[in-house]
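Taking it in order: structure first as structure tokens, then the write-up.
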Amino acid sequence: MPSLSEQQRADLLDELAPLRRFCLSLTGAAADADDLLQVTVERVLDKGMPADADARKWAYRVCKNAWIDELRSREVRQRYPQQAAGDEEAEAPSAEDSAVGERALEAVSRALDRLPDEQRLALTLVAVEGKSYAEAAEILEVPVGTIMSRIARARRHLLDNRSLQRAVER
């Protein structure tokens, strides 16, 4: 596979911030998101891509696959706990005036975490990253109708989540 063209490199650089947000939606933690972004960019730069590939869409696909690889690795590490690191403690709010906002954000994050991976990925690409249904379908390698139904189910699930509504209202 050839290396990246100048246009592909420029497109990849332009997509780093949205790609990082996508990584954050996958991982749920800033440090893990940064690691996933680094792995994604390294893979794209090391392995290259076809000359006719859209670097932006290609990067999301590489990112999604890297995350799947990481989840599989974590599953193996959980089977062999002697190699697992200790649990990290959750950070407390940094200031009282931001506690309400942080609580609401945590509730939204928990609600998103409870969504099936397929629904969370589709919703994140369209609602957070602003991708079209067609772009999200291409990135996730599924039909557009599948993206539409996943997003509809995800939104319905989030709206039905009473604890999320209460946390956001506080």
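A short reminder: the numbers here are calculations on the coordinates, not readings from a lab. From a predicted model like this one, the values you see are computed outputs, not experimental measurements. As a convention, Cβ positions derive from the backbone with ideal geometry for all residues, glycine included, and neighbour counts pool all protein chains shown.
The table that follows gives values for the structure above.
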item	result
Long-range amide H partners of GLY48 with built H, under 5 Å	none
Residue-by-residue Karplus 3J(HN,Hα) for the stretch 63-72, coefficients 6.51, -1.76, 1.60, Hz, glycine and proline x	4, 4, 5, 5, 5, 4, 4, 5, 4, 5
The stretch 102-116 versus the stretch 134-162: alpha-carbon centroid distance in Å	17 Å
Packing rank of 46-58, 17-29, 132-144, where each peptide gets the mean count of other beta carbons within 10 Å, highest leading	17-29, 132-144, 46-58
Histogram of C-alpha separations across the stretch 1-84, 5 Å bin width, %	3, 15, 24, 21, 15, 10, 6, 4, 2, 0
Segments 113-119, 155-161, 38-44 sorted - mean Cβ within 10 Å per residue, highest first	38-44, 113-119, 155-161
